[in-house]
Amino acid sequence: MENIRNQEDHEAVRNGRKLWADMLDSTSYPSDGDCHALVAHLQFPGIRDRLIADIPGLDESMQDILFAQNRRRTKMVTH
């Protein structure tokens, strides 16, 4: 977290988004290091909110996502 805290805001968000995108695009399980790095990035609200807004399949503004507003109905998945 200290490494993230010492980065410029735009750099920290960019690095968090790259990590998140790489994990989503991967066909294998993430490494422990990547998981720890993602959890560290999620500790910063600005980065966390951006990553939530980057969830695949959501085509909404970040503000709408944060306030649970969307233009379409979503299906609840149950197992």
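Each reported figure results from applying straightforward, stated rules to the coordinates on display, with no laboratory input. Source: prediction; values computed, not measured. Every residue, glycine among them, receives a Cβ derived from its backbone with ideal geometry; neighbour counts consider all protein chains shown.
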Fill in: Estimated FRET transfer efficiency when R0 is 30 angstrom, pair Ser28-Arg48 (beta carbons, to 0.05)
0.80
Practice prompt. Take each of the peptides 3-9, 39-45, average the number of other beta-carbon atoms within 10 Å over its residues, and list them starting from the highest.
Written response: 39-45, 3-9
Discussion item. Starting from the 7 Å offset along Cα-to-Cβ, what nm value, one decimal, do you get for the label separation of Val39 and Asp9?
Written reply: 2.7
Worksheet item: Where a ≥ b ≥ c are the square roots of the eigenvalues of the C-alpha gyration tensor, would you call segment 12-57 rounded, which needs a/c under 1.5, or, failing that, prolate if a/b is larger than b/c, or oblate?
Response: oblate
